[in-house]
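For reference, the structure is listed below as structure tokens.
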4 protein chains.
Amino acid sequence: AMRLIIDTDTAGDDCFSMLLALHQPGVTVEAVTICGGNIDFDQQVENALYTLEVAGKGGKVPVYPGCRRPMMRKPIDAEYVFGEDGMSDAHYPRAHQRPEASHAVQALIDIVMSNPGEITILAQAPLTNIAAAVVQEPRFAGAVKHLWIMGGTDNSLGNVTPAAEFNFYVDPEAAQIVMNAGFACTLSTWTLSVQDSGILAAELADIAALDTPLSRFFTQVNQASVDFSMARYGVGDSLHPDALTCAIMLDESLILESGDCVVDVETQGRLTRGYSSVSSPRLPAQEVADPELGSATPANARVIRRADRAAFVQMMRRALGA
Amino acid sequence: AMRLIIDTDTAGDDCFSMLLALHQPGVTVEAVTICGGNIDFDQQVENALYTLEVAGKGGKVPVYPGCRRPMMRKPIDAEYVFGEDGMSDAHYPRAHQRPEASHAVQALIDIVMSNPGEITILAQAPLTNIAAAVVQEPRFAGAVKHLWIMGGTDNSLGNVTPAAEFNFYVDPEAAQIVMNAGFACTLSTWTLSVQDSGILAAELADIAALDTPLSRFFTQVNQASVDFSMARYGVGDSLHPDALTCAIMLDESLILESGDCVVDVETQGRLTRGYSSVSSPRLPAQEVADPELGSATPANARVIRRADRAAFVQMMRRALGA
Amino acid sequence: AMRLIIDTDTAGDDCFSMLLALHQPGVTVEAVTICGGNIDFDQQVENALYTLEVAGKGGKVPVYPGCRRPMMRKPIDAEYVFGEDGMSDAHYPRAHQRPEASHAVQALIDIVMSNPGEITILAQAPLTNIAAAVVQEPRFAGAVKHLWIMGGTDNSLGNVTPAAEFNFYVDPEAAQIVMNAGFACTLSTWTLSVQDSGILAAELADIAALDTPLSRFFTQVNQASVDFSMARYGVGDSLHPDALTCAIMLDESLILESGDCVVDVETQGRLTRGYSSVSSPRLPAQEVADPELGSATPANARVIRRADRAAFVQMMRRALGA
Amino acid sequence: AMRLIIDTDTAGDDCFSMLLALHQPGVTVEAVTICGGNIDFDQQVENALYTLEVAGKGGKVPVYPGCRRPMMRKPIDAEYVFGEDGMSDAHYPRAHQRPEASHAVQALIDIVMSNPGEITILAQAPLTNIAAAVVQEPRFAGAVKHLWIMGGTDNSLGNVTPAAEFNFYVDPEAAQIVMNAGFACTLSTWTLSVQDSGILAAELADIAALDTPLSRFFTQVNQASVDFSMARYGVGDSLHPDALTCAIMLDESLILESGDCVVDVETQGRLTRGYSSVSSPRLPAQEVADPELGSATPANARVIRRADRAAFVQMMRRALGA
Ligand SMILES: [Ca+2]
Ligand SMILES: [Ca+2]
Ligand SMILES: [Ca+2]
Ligand SMILES: [Ca+2]
């Protein structure tokens, strides 16, 4: 049995990740916490509430609004990917459930500290909420059972700049705080997503053909991502970084390859804001390469290198066909 | 006909690159300029002189000692790859030819500025000499016919840190100066080298079997690289970033794929010293991704994405079999 | 009437500042919040509780423990100035009052947001607590009546490095967040303290001669600062940055000169961690000096340039003689 | 007897410094080297040549054009202080002497290395030329007798930004290279200039009343500085950082107070480009203040803290009255 908090900037794929977790037997979603990221903050809250309703969980999972903007940087957004409402401009009606009055950071600390070693967190947004919890309560990291992070790159191209992926780019200071806080932690990178989170056009059609309420919701909300992919790459598929991260958390047999790495985040660079440095066994020992670097610190994250895309798509299909 | 200056930190593969160029019909190597990098500076000078002698060019190509250390950073070296003498500890005798009295930077400026548009430069070392020439003479970049650079990464793993390749890491300020100086320029990255510059164990055996003076020289000098590869990766092959860069310069038909990119170099980061930012058509326009980034600057380098490894090995074999 | 929260890393002068505020008619200290800084965090909490007791306010002002360490940096401390217990190693007994269970950041947000425009904050520690409140609740800054900050320098020598004062150096990211959050704010710098916060040896003797419980407490707790000054500068006086800041807050007629300035904090430098950039009317317009700098942003802080030292000492004498 | 090279961005006060040195018995100005800085580079060359002519040294001191722009940064200028021609828009005729063909960096290296321990350098411009010489020839610093630098601040306000003085701001990388190169070196800062380099309105009138060719030249060229001072500060005096630096070099008895300091230059900051960190005996040992800082490096520059302004003005008066 998994007790889960989902930290999310709810737009597009964030919703599908929620659906996967909400659908999974044995998983209790204890809270959804909202963090500034993809689109307008209040719309993100509404999207989370609406997704719960669509999943038949309206009123059953509290939604806590959290940090509206990054710790130190100007907010940026990803409306150009997800549409203005983050839902392919579906403009859904307001859900009946309303957000909690208390703050996500407080909720995270309260739930985790009163259930030490019990709570898993899926962080699929910029890491501002998680970092703020760490700043406020240094024992937070040690009390979380496992932190699953969608963010960063694994020595490959980013999606905001060559150096950086969106979640880490938006709030690099938060990412640095979190990566160095001592969490038991797994990192699911944009690099992995590009490789193994795609749902192909034919598979999308299969999902649409299920014609369930959830599959219709998926197909509608996913439209902007498909359009973006078509416009940019000429291919009608879509990438699912958050949903893939959720999937491998729900079923670790989807992890085909991973490594324990030293991961840190650049906050000082001119070209490299939010770059995630991920160690590699292919590199010489860093103190040999440059004695000034000193010895490497111990591994602080398991980095997923390869995931079972077919099984992921199957899991999506099952959840959406329910 | 190509009029060429080779800027080199002569150790291991630097020598093979020199052999390729010296052997190539229609190419005049006008000078060899030495830049601090792989190993002890004076030994690098000797290695260049000895390589000329081995190639039968002793006394025919002037060797100019240049900048002994990076502009602003403490020197590091790569003796752990190439042996203490940079020649797999072969400890060759001193060549008859002696280095020129004048400085590489002065030689570069003098030769290029008195032959505007005529001189090609192959830069296969940290870029200190080239950058110093730019600082001293801003018209230098515009007067060079083409600059071929071995350095940087192409959105992939470095070889000193995850973020950076040796030549750019050693002198990032020089690399930044050079990349922004306005050269007509081609970049051959470590990423390309990992992919397409390897000579496999069987091919190395073929080269050894040629049993010519040059093949014997190659086999001996290459030993440390093979040992390094064997010790680290369990494979008895060797990588040839400098020689591959020279090969594609000598015969551009070896370039199978390339793109015009915006390339810049990180000098400010805590984890990303010497990171080469290489733009990608897969990224959203940067002003869409983050309006603060403004519009991208025009492409300033052709980046090689794929090279013909088999043809490269053939070229090496021909040169060494002569 | 002033409703005040004191945010403090309680050691030495922090206590005297508390005494001033607690003694002042018309001022209600609504809370004391503790922030990591001068010495061991838990000892700081005890020092605050004991100071309340000494001031006859034991049990009447809640003390909220806050952030134990800086947002991103390793903690440093100032035990070398204040003694191991921050009280000149007086090792006072434990106060009867105990700290609150809830966190300083939560308390700050709750008190301020439920009394918008009513609460004054005196920040005499690293700014981690205040910044964490801003990160969590962006409306916090606008809801505070006035924020008085002891920190930074005013184009003069720091006290940790040449570039930086202790509070800003310890948590530069927090300082940057706070200075850019939109507070109505006054900055009392280390530069001001060096100039106008000293209590001279003869004045210290006068205070000792009062021989009240508070004057004895002061004299004992202040001993380490006097010793530090004597050892370093050969003068038996002591500096009182926190108490001076409190004094000018309590009686603004002590402000002899001030200016509205653009203040920002360096977090990226190699030598300048925590440097406070304070604009000056003596500088050319920055867009004239360097067009790349663009136009200056509007003033965000009143910076105190000169204070009435004699009146400050009088205020201390009155409070301690009571 | 002093053998001197003056490195200058010849505009306004740079000329007066030249006049002082050229007038001084026992001083041989071996070369003037021009570095990009105050105004248009070629105009700077002309200003140096014209100043030599005015001083009666036309054709007797070679003028070498050097680096036209900073190593890595976009050039900025100070035309807003000195007028478009750097000579208060006097638009003097072209001098008869023409600049040398060879480059300042080469000249600096050649003269110094062939006269080791003999040559004094007065650096009154951005440090690009000197740094380029160091990069090219690491023995350069050790072969210079003494380097006098006008640049940086001494824990006080800059003149481009709060953090930085013009010469260090324009080329911070060069300044960092030079300060760490191992020169026997004296630093005359903007802080010193503000305090002790002013020539008061009455003194300016006295100089004008001398009515010699040199005093007329001075009065005319100095006009823009006086106007700038009047417009900005409402005072009709002028500051003479370069001339004061020259004066204390020519007669060290003008140095009233100085200290051996650790000086370094910030190149990484967001707000602190070109900040000069100058150590102070008033600071705690840095490894006590923050153990991560490690032990301080040895002093690398004598920093002038107080100069004899009256004697400086006298020296100017004598030189201009000749
Ligand atoms: Ca997300
Ligand atoms: Ca090389
Ligand atoms: Ca304090
Ligand atoms: Ca000057």
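Within the range A:201-219, count every residue that is more than 14 Å from A:ASP13 (Cβ to Cβ) and without any contact (Cβ under 8 Å) to a residue 60 or more places away in the chain. Steps first, please.
Step one: filter the range A:201-219 for residues more than 14 Å from A:ASP13 (Cβ to Cβ), giving A:201-203, A:205-206, A:208-216.
With the extra rule that they be without any contact (Cβ under 8 Å) to a residue 60 or more places away in the chain, the set shrinks to A:201-202, A:205, A:208-209, A:211, A:216.
Of the residues in that region, 7 qualify.
Going through the range B:288-307 one residue at a time, which ones are touching a helix residue (DSSP H, G or I) at 6+ places or on another chain (Cβ under 6 Å) and assigned to a strand (DSSP E or B)?
Once the filter is applied, which keeps residues that are touching a helix residue (DSSP H, G or I) at 6+ places or on another chain (Cβ under 6 Å) and assigned to a strand (DSSP E or B), the range B:288-307 yields B:ILE304, B:ALA307.
Filter the range D:254-266 for residues that are more than 7 Å from chain C (Cβ to nearest Cβ) and touching a strand residue (DSSP E or B) at 6+ places or on another chain (Cβ under 7 Å) and give the result. Let's see the steps before the verdict.
Step one: of the range D:254-266, the residues more than 7 Å from chain C (Cβ to nearest Cβ) are D:254-263, D:265.
Result: D:LEU254, D:ILE255, D:LEU256, D:GLU257, D:SER258, D:GLY259, D:ASP260, D:CYS261, D:VAL263, D:VAL265.
Which of the residues spanning the range D:135-190 are more than 14 Å from chain C (Cβ to nearest Cβ) and part of a strand (DSSP E or B)?
If the condition is that a residue be more than 14 Å from chain C (Cβ to nearest Cβ) and part of a strand (DSSP E or B), then D:VAL144, D:LYS145, D:HIS146, D:LEU147, D:TRP148, D:ILE149, D:MET150, D:CYS185, D:THR186, D:SER188 are the ones that fit.
Taking the conditions exactly as written (within 22 Å of C:MET113 (Cβ to Cβ) and either crowded, with 21+ Cβ neighbours inside 10 Å or within 16 Å of ligand 4 (Cβ to nearest atom) (or both)), does C:ASP13 satisfy them or not?
no
Output the number of the condition that A:ALA31 fails; it satisfies all remaining conditions of (1) within 14 Å of another protein chain (Cβ to nearest Cβ); (2) more than 9 Å from ligand 1 (Cβ to nearest atom); (3) in contact (Cβ under 8 Å) with a residue 24 or more places away in the chain.
(1)
Got at least one residue in the range D:259-272 being within 28 Å of C:MET230 (Cα to Cα) and in contact with a helix residue (DSSP H, G or I) (Cβ under 7 Å, 6 or more places away or on another chain)?
Yes: one or more hits.
For the range C:195-206, how many residues meet the condition of being crowded, with 18+ Cβ neighbours inside 10 Å and more than 19 Å from C:THR245 (Cβ to Cβ)?
Residues that pass the stated criteria total 1.
On the given criteria, is C:MET316 assigned to a helix (DSSP H, G or I), modelled with pLDDT under 95, more than 9 Å from chain D (Cβ to nearest Cβ) and surrounded by 14 or more Cβ atoms within 10 Å (Cβ to Cβ)?
no
Tell me the residue from D:GLY274, D:GLY294, D:GLY259, D:GLY236 that is of a type outside the set (Val, Ile, Thr), surrounded by fewer than 16 Cβ atoms within 10 Å (Cβ to Cβ) and at positive phi, please.
D:GLY294
Given the conditions (1) modelled with pLDDT of 95 or more; (2) surrounded by fewer than 18 Cβ atoms within 10 Å (Cβ to Cβ), and given that C:ARG282 satisfies all but one, which numbered condition is not satisfied?
The number of the failed condition is (1).
Give the range C:49-78 a look and list any residue that's farther than 25 Å from C:SER215 by Cβ and touching a residue at least 40 places away in the same chain (Cβ under 8 Å), or say none.
C:PRO62, C:TYR64, C:GLY66, C:CYS67, C:ARG69, C:PRO70, C:MET71, C:MET72, C:ARG73, C:PRO75, C:ILE76, C:ASP77 - these are the residues of the range C:49-78 that are farther than 25 Å from C:SER215 by Cβ and touching a residue at least 40 places away in the same chain (Cβ under 8 Å).
Out of the residues in the range A:18-56 meeting the condition of being within 20 Å of A:VAL144 (Cα to Cα) and of a type in the set (Ser, Thr, Tyr), tell me which one is farthest from ligand 2 (Cβ to nearest atom).
Filtering first and then ranking leaves A:THR28.
Out of (1) within 14 Å of chain C (Cβ to nearest Cβ); (2) outside any helix (DSSP H, G or I), the odd one out for D:TYR80 is which?
Just one mismatch for D:TYR80, condition (2).
Going residue by residue through the range C:12-35, is there one that turns out to be small (Gly, Ala, Ser), on the phi > 0 side of the Ramachandran plot, within 16 Å of ligand 3 (Cβ to nearest atom) and under 17 Å from the mean Cα position of the chain (by Cα)?
Yes, the range C:12-35 contains at least one residue that is small (Gly, Ala, Ser), on the phi > 0 side of the Ramachandran plot, within 16 Å of ligand 3 (Cβ to nearest atom) and under 17 Å from the mean Cα position of the chain (by Cα).
State whether the residues of the range D:200-207 include one that is within 30 Å of C:THR272 (Cα to Cα) and out of contact with any His (no Cβ under 6 Å at 6 or more places or on another chain).
no
Counting just the residues of the range C:100-126 that are under 23 Å from C:ALA243 (Cβ atoms) and more than 14 Å from every other protein chain (Cβ to nearest Cβ), which one comes out surrounded by the fewest Cβ atoms within 10 Å (Cβ to Cβ)?
Filtering the range C:100-126 for residues that are under 23 Å from C:ALA243 (Cβ atoms) and more than 14 Å from every other protein chain (Cβ to nearest Cβ), the one surrounded by the fewest Cβ atoms within 10 Å (Cβ to Cβ) comes out as C:THR120.
Only one of B:ALA247, B:ALA310 is under 30 Å from B:MET71 (Cβ atoms), out of contact with any strand residue (DSSP E or B) (no Cβ under 6 Å at 6 or more places or on another chain), in a helix (DSSP H, G or I) and more than 11 Å from chain A (Cβ to nearest Cβ). Can you tell me which? Working first, answer last.
Values: B:ALA310 fails: under 30 Å from B:MET71 (Cβ atoms).
On inspection, the qualifying residue turns out to be B:ALA247.
Which residues, taken from the range D:1-19, are of a type in the set (Ser, Thr, Tyr) and part of a helix (DSSP H, G or I)?
The answer is D:SER17, and nothing else.
If you go through the range D:34-71, how many residues are within 14 Å of chain B (Cβ to nearest Cβ), assigned to a strand (DSSP E or B) and over 17 Å from D:ASP13 (Cβ atoms)?
Result for the range D:34-71: 2.
Name, by its number, the condition in (1) within 12 Å of another protein chain (Cβ to nearest Cβ); (2) in contact with a strand residue (DSSP E or B) (Cβ under 6 Å, 6 or more places away or on another chain); (3) buried (at least 23 other Cβ atoms within 10 Å of the Cβ); (4) on the phi < 0 side of the Ramachandran plot that does not hold for B:GLY269.
(2)
A:VAL226 - would you say it is outside any helix (DSSP H, G or I) and either under 23 Å from the mean Cα position of the chain (by Cα) or exposed (fewer than 15 other Cβ atoms within 10 Å of the Cβ) (or both)?
No; evaluated as a whole, the condition is false for this residue.
How many of the residues in the range B:273-296 are more than 20 Å from A:ASN159 (Cβ to Cβ) and either within 9 Å of chain A (Cβ to nearest Cβ) or not small (Gly, Ala, Ser) (or both)?
Number of matching residues: 1.
Under the condition of being within 13 Å of A:GLN176 (Cα to Cα) and in a loop (DSSP other than H, G, I, E, B), which residue from the range A:250-268 is farthest from ligand 2 (Cβ to nearest atom)? So that I can check it myself, show each step before the final result.
So in the range A:250-268, the residues within 13 Å of A:GLN176 (Cα to Cα) come out as A:262-268.
Within this subset, residues satisfying the condition of being in a loop (DSSP other than H, G, I, E, B) are A:262, A:266-268.
Working: A:VAL262: 28, A:GLU266: 27, A:THR267: 32, A:GLN268: 29 Å.
Selected residue: A:THR267.
In the range B:122-179, how many residues are closer than 19 Å to B:CYS35 by Cβ and of a type in the set (S, T, N, Q)?
Looking only at that region, the number is 7.
The values are calculated or read from the model by the stated rules, or taken from the named source; none is laboratory data. The model shown is predicted, which means the values in this text are computed figures rather than measured ones. No Cβ is skipped: glycine too gets one built from the backbone with ideal geometry, and neighbour counts run over all protein chains shown.
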